[in-house]
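The values are calculated or read from the model by the stated rules, or taken from the named source; none is laboratory data. Small disclaimer: the values here were computed from a predicted structure and weren't measured. A quick note on method: Cβ atoms are made from the backbone with ideal geometry, for glycine too, and the neighbour counts reach across all protein chains shown.
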Amino acid sequence: MNAPAPAPAAPPISAARFLDANLEALGLGAQAVERVREGRGPAVFSTRPDGSPLLAWDGRSLDGGPPPALGPPQAGEVRVVFGLGVGKAVDALAGDDVPVLVYEPSAAIARGFLARGPVALGRASLATSIEELREHWGRVGAFATTVTLLRTGGYAEAFPDELARLDHELRELLVRSLTNKNTHRVRGRDWAENLLANAPRLTEAGSVARLEGRLAGVPAFIVGAGPSLSRNVAALRDAARHGVLIAVNSALPVLARHGVQPQFVACMESADVSSVLRSTAIPDHAIRVVTLTAHPANVASGAGPLLLTWEQLPDIDRAVGDLTGASGLPACASVSTLAVSLAERLGCDPVVLVGQDLAYTGGHVYAAESPFADSRASVDGERGEIRLEWSEPLRALRDPVRGAHRAEPLQLVPGWGTGAPVPTGPSFAGARSWFEAVAQWMERAHPERRLVNATEGGARVVGWEERPLAELVAELAARGARAPDPAELAGDTPAVTAERLQAWGRGLARGARRFARAASGLERCARRALQAAERGEDAAMGARLARLERAEALLRRESEASPILGAWAYADVERFTQPSEPPGADARGQALRALEREVELARILRRAAEELERRVESRLLTPNDPRRSETCP
């Protein structure tokens with residue numbers, strides 16, 4: 001019998017097909033995919049005689065060398081790899097339970113790497129631009145406390161400018177993350193409390209989400225209360241005739257003293273600053289743009305039209321998005337960032353920064369004639385810090401327990417106009433970095449729009465054109481720019497109906513109730529596993545731990561149904577999860593302590609969810625609603 005003919009060999013897979021498959025698997029955005037596909041440069045991939053890969057860039061070896069030697073991951077750590085190379089660093093990090101971002105400065109190298117064969121980056125995310133790196137950071141590094149930067153061999157020499165920019169960017173991102181973490185620790189419960197108190201106002205007031213594009217091409221002046229504001233007040237009076245002034249709440253007293261009336265007033269303070277708002281009469285025609293997370297007294301201040309919005313905080317944005325079907329405004333650390341997002345949403349062009357010093361100009365913190373004008377900053381060069389003395393009115397507004405910081409590390413950055421160094425600190429770093437990120441995003445999304453920094457003092461903001469305000473206003477006047485009538489924007493119908501609000505409230509209460517039950521189940525399972533471990537019942541431990549794992553999985557699923565629980569319980573959980581393992585504990589002692597802590601954590605989560613359910617019912621649900629305490633399915 002003749003042997004069967006051998007099956008024909010499968011045709012080789014082309015580099016183009018590998019590239020397509022890998023790009024799809026990585027889920028890169030459209031612009032990133034286009035950048036990689038068009039990547040060109042002196043990148044040469046080859047193979048050693050033993051089959052291992054080689055990479056050269058312009059004749060320089062970038063094969064990566066030996067994999068990095070790292071200790072165990074730290075809590076809050078993000079690892080960033082500078083350069084794909086041939087993938088050695090990524091492979092070495094694959095088994096660690098820690099977020100990994102890979103920044104490849106050359107689209108040509110990324111293209112060649114992804115076209116060589118199947119690629120599995122595991123949990124690592126690939127970025128081929130700083131903008132992509134920021135987007136990935138927002139997902140995995142929002143609350144990072146440390147960054148480990150790994151440099152693939154040869155990249156520092158081949159791409160020195162890109163490495164310097166990456167190093168600077170990571171410092172800024174880490175400062176922003178630490179600021180976010182501290183802000184969530186201090187304000188998370190306040191945000192959730194204020195949201196529940198303010199949400200009923202959505203049945204009376206309009207929503208910023210409905211204004212997209214309503215002021216296309218109209219100039220917007222974002223007026224902050226920085227020290228340089230005083231020199232521009234006269235020009236702002238003219239600016240109000242040629243565009244819209246969006247003033248932050250702390251700038252109102254300065255404008256009022258000079259008869260300058262803004263068309264918008266923005267406030268997102270979760271602390272009660274209504275005394276400042278009341279002391280300066282908000283013009284009746286001014287549209288009050290206030291966040292749902294602001295203190296209810298701030299929302300109630302003023303008689304003008306009210307438009308509500310919210311920050312794109314992960315917990316808050318998803319919850320309010322479920323209610324309104326819209327997304328909030330991006331913001332970071334400062335209400336001025338919220339105002340810039342408002343101007344972008346309205347379609348304004350140009351967007352102009354005024355009084356946004358982002359630095360301690362002349363030893364001042366606020367503009368003269370501000371209620372907080374007596375606040376002072378002094379540079380201590382020997383210690384490398386800024387010492388801060390806060391005015392009495394500002395101290396009175398601060399929570400007496402949380403207080404206000406008295407010093408921060410000194411940072412010198414290029415100043416507006418001349419570029420001469422000006423003193424600043426971490427308090428401003430998050431907002432400055434945010435403004436610079438917006439400039440890069442606008443360059444891609446709205447390249448036709450101008451961003452102008454007319455602050456005439458303080459720190460330079462990369463990506464923002466620098467122009468004196470008077471010059472810019474004269475230019476706008478010459479082209480015939482005119483301010484719109486705010487009344488055209490103030491007549492929107494309420495954002496939601498009362499029925500929709502009630503349904504949303506019932507959903508929040510139901511989600512919190514289900515989470516509390518899941519946490520209670522986890523508490524029971526952890527306690528039973530602990531008891532078995534304490535009695536040395538090794539035979540029973542397998543089943544106990546399996547039940548515990550299922551209870552943990554159920555709790556994670558139920559957390560999705562209670563989106564504001566994260567903000568509500570953040571401070572309690574964050575305090576609890578600080579390292580507390582006593583030194584020298586043996587393996588059994590560590591295991592027992594881990595189970596004890598799981599019991600404690602489950603109890604904290606259960607109590608937080610029960611508190612949230614009660615607060616939702618008291619704030620959002622009518623007393624006679626038969627579904628207030630409905631049984632969970």
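A few points about this structure:
- Evaluation of residue 137 against the conditions (1) in a helix (DSSP H, G or I); (2) more than 11 Å from residue 78 (Cβ to Cβ); (3) touching a helix residue (DSSP H, G or I) at 6+ places or on another chain (Cβ under 8 Å) shows that the sole unmet condition is (2).
- For residue 297, the conditions (1) under 19 Å from residue 208 (Cβ atoms); (2) among the hydrophobic types (A, V, I, L, M, F, W, C); (3) at pLDDT 90 or above all hold with the exception of (1).
- Scanning the stretch 39-51 for residues that are over 14 Å from residue 105 (Cα atoms) and modelled with pLDDT of 80 or more yields 44, 45, 46, 47, 48, 49.
- If the condition is being more than 30 Å from residue 325 (Cα to Cα) and in a helix (DSSP H, G or I), then the stretch 467-504 contributes 469, 470, 471, 472, 473, 474, 475, 476, 477, 478.
- Number of positions in the stretch 205-228 that are modelled with pLDDT of 90 or more and either under 27 Å from the mean Cα position of the chain (by Cα) or closer than 27 Å to residue 317 by Cα (or both): 11
- Options 297, 271, 303; residue that is free of Cβ contacts under 8 Å to residues at least 24 places away in the same chain and under 30 Å from residue 321 (Cβ atoms): 303
- Yes/no for residue 339 being in the same structural domain as residue 414 (by TED's automatic domain parsing), outside any helix (DSSP H, G or I) and either touching a residue at least 12 places away in the same chain (Cβ under 8 Å) or of a type in the set (Lys, Arg) (or both): no
- Top-ranked residue in the stretch 363-374 [being touching a helix residue (DSSP H, G or I) at 6+ places or on another chain (Cβ under 6 Å) and small (Gly, Ala, Ser); ranked as farthest from residue 468 (Cα to Cα)]: 370
- Reported count of residues in the stretch 227-246, each being touching a Phe, Trp or Tyr at 6+ places or on another chain (Cβ under 7 Å) and among the small types (Gly, Ala, Ser), is 2.
- Of all residues making up the stretch 77-117, the number that are modelled with pLDDT of 75 or more and not in a helix (DSSP H, G or I): 23
- Checked against (1) on the phi > 0 side of the Ramachandran plot; (2) part of a loop (DSSP other than H, G, I, E, B), residue 357 passes all but condition (1).
- Residues located in the stretch 83-104, provided they are within 28 Å of the chain's Cα centre (by Cα), free of Cβ contacts under 8 Å to residues at least 60 places away in the same chain and farther than 16 Å from residue 148 by Cβ: 104
- Hits in the stretch 224-245 (condition: over 12 Å from residue 470 (Cα atoms) and crowded, with 22+ Cβ neighbours inside 10 Å): 224, 225, 226, 227, 228, 229, 243, 244, 245
- Residue 602 being within 19 Å of residue 532 (Cβ to Cβ) and at pLDDT 80 or above: yes
- Residue tally, condition of a type in the set (Gly, Ala, Ser), farther than 18 Å from residue 245 by Cα and surrounded by 24 or more Cβ atoms within 10 Å (Cβ to Cβ), over the stretch 261-300: 1
- So residue 374, is it under 29 Å from residue 173 (Cβ atoms), in a loop (DSSP other than H, G, I, E, B) and either free of Cβ contacts under 8 Å to residues at least 60 places away in the same chain or more than 18 Å from the chain's Cα centre (by Cα) (or both): no
- Scanning the stretch 451-473 for residues that are under 24 Å from the mean Cα position of the chain (by Cα) and of a type in the set (Lys, Arg) returns a single hit, 460.
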